[in-house]
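Reading through the structure tokens given below for one structure.
The values are calculated or read from the model by the stated rules, or taken from the named source; none is laboratory data. Everything quoted here is computed from the prediction, not taken from an experiment. All Cβ positions, glycine included, derive from the backbone under ideal geometry; neighbour counts span all protein chains shown.
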Amino acid sequence: MDQAVNAPVTAFLPCRKGSERVPRKNIRPFGSVRHGLIEIKLRQLQECAAIDHVVLSTNDDEIIEYAQSVDGPGLTIHRRAEHLSSSATSTDDLVGHARELVGSGHILWTHVTSPFLTADRYDEIIASYRNALTEGYDSLMTTTLLRAFLWTEDGPLTYDRSVEKWPRTQTITPVHEVNSGVFLAPVEVYSRHQDRIGETPRLYPLDRLTAFDIDWEEDFVIAEQLMLKHLVSA
């Protein structure tokens with residue numbers, strides 16, 4: 001068990017060309033960082049002591065050219081097939097792709113669009129994951145805690161109006177929103193479940209700044225300003 005828990009960790013970084021909402025999102029300049037989000041993320045992953053190897057999967061020639069110039073061992077650049085690189089490609093398809101690229105150990109699936117998820121935080125998450133495996137969990141994913149008045153057509157989800165119609169938000173039972181910062185699981189989970197998490201994932205909450213995800217043009221602008229104002233460090 002200890003040998004499996006302490007097996008090497010490979011970071012899987014999918015980074016396709018052609019963002020429709022934010023043109024050249026992954027490689028365009030980000031604040032003072034010339035090669036943008038891909039430069040930031042590769043640096044963070046390579047500086048993380050708990051990550052043994054990084055696999056960058058991309059079909060973007062510009063990203064490949066930049067990545068080939070990056071110093072340091074432990075980086076594999078994989079030119080992804082076009083049928084796995086469209087906006088219609090499902091995450092389920094990429095799960096199989098990640099499994100093919102990583103033969104053993106643990107897969108840490110992350111994205112360049114989380115620029116404030118630093119090397120130190122990756123170290124903390126991996127340590128928590130290894131500990132979780134010894135406690136009976138089979139995987140980990142990062143979340144953002146929502147303490148909010150969440151409803152469906154059938155009524156409230158997060159509180160009981162028969163007890164208190166409008167409770168203080170601090171007392172509302174939090175809901176975990178998956179933020180896609182990190183998914184961590186053994187390779188065996190990918191093979192057995194065809195998924196990047198298992199049946200009993202540990203939920204690892206991140207603060208909102210660390211979990212900030214760039215999905216739209218306004219997100220890109222906000223993240224740049226956060227970095228430039230030194231509110232967070234990329």
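Counting only strands (runs of 3 or more DSSP E) that sit wholly inside the stretch 7-98, those with at least 1 residues that are among the charged types (D, E, K, R) and over 20 Å from SER180 (Cα atoms) are 75-79. Checking each residue in the stretch 179-215 for being β-branched (Val, Ile, Thr), touching a strand residue (DSSP E or B) at 6+ places or on another chain (Cβ under 6 Å) and not in a helix (DSSP H, G or I) picks out VAL182, ILE197. Filtered by the rule that a residue be β-branched (Val, Ile, Thr) and part of a helix (DSSP H, G or I), the stretch 148-178 gives THR169, THR171. The residue that is farthest from PRO8 (Cα to Cα), among those in the stretch 103-141 that are aromatic (Phe, Trp, Tyr) and either surrounded by fewer than 18 Cβ atoms within 10 Å (Cβ to Cβ) or touching a strand residue (DSSP E or B) at 6+ places or on another chain (Cβ under 7 Å) (or both), is TYR137. Against the definition (loosely packed, with under 13 Cβ neighbours inside 10 Å and either within 16 Å of the chain's Cα centre (by Cα) or of a type in the set (Asp, Glu) (or both)), how does ASP60 come out, yes or no? In short, no.
Look at (1) over 22 Å from VAL189 (Cα atoms); (2) in contact with a helix residue (DSSP H, G or I) (Cβ under 7 Å, 6 or more places away or on another chain); (3) surrounded by 19 or more Cβ atoms within 10 Å (Cβ to Cβ) and you find that ILE40 fails only one, number (2).
Might you let me know whether the stretch 57-66 holds any residue that is touching a strand residue (DSSP E or B) at 6+ places or on another chain (Cβ under 7 Å), free of Cβ contacts under 8 Å to residues at least 40 places away in the same chain and not basic (Lys, Arg)? Yes.
If you take the residues in the stretch 142-157 that are among the β-branched types (Val, Ile, Thr) and in contact with a strand residue (DSSP E or B) (Cβ under 8 Å, 6 or more places away or on another chain), which one is nearest to ASN6 (Cα to Cα)? Among residues in the stretch 142-157 that are among the β-branched types (Val, Ile, Thr) and in contact with a strand residue (DSSP E or B) (Cβ under 8 Å, 6 or more places away or on another chain), the one nearest to ASN6 (Cα to Cα) is THR142.
Using the structure shown, decide if GLU218 is of a type in the set (Asp, Glu), at pLDDT 95 or above and under 18 Å from SER128 (Cα atoms). No. Would the stretch 163-180 turn up any residue that is under 22 Å from SER90 (Cβ atoms), touching a residue at least 24 places away in the same chain (Cβ under 8 Å), crowded, with 18+ Cβ neighbours inside 10 Å and of a type in the set (Val, Ile, Thr)? No, because not a single residue in the stretch 163-180 is under 22 Å from SER90 (Cβ atoms), touching a residue at least 24 places away in the same chain (Cβ under 8 Å), crowded, with 18+ Cβ neighbours inside 10 Å and of a type in the set (Val, Ile, Thr).
Residues in the stretch 147-155 include at least one that is among the charged types (D, E, K, R) and either surrounded by 15 or more Cβ atoms within 10 Å (Cβ to Cβ) or closer than 23 Å to VAL182 by Cβ (or both).
Evaluation of LEU145 against the conditions (1) over 30 Å from LYS17 (Cβ atoms); (2) assigned to a helix (DSSP H, G or I) shows that the sole unmet condition is (2). Residues in the stretch 100-119 that are closer than 18 Å to SER180 by Cα and not in a loop (DSSP other than H, G, I, E, B): HIS106, ILE107, LEU108, TRP109, ALA119.
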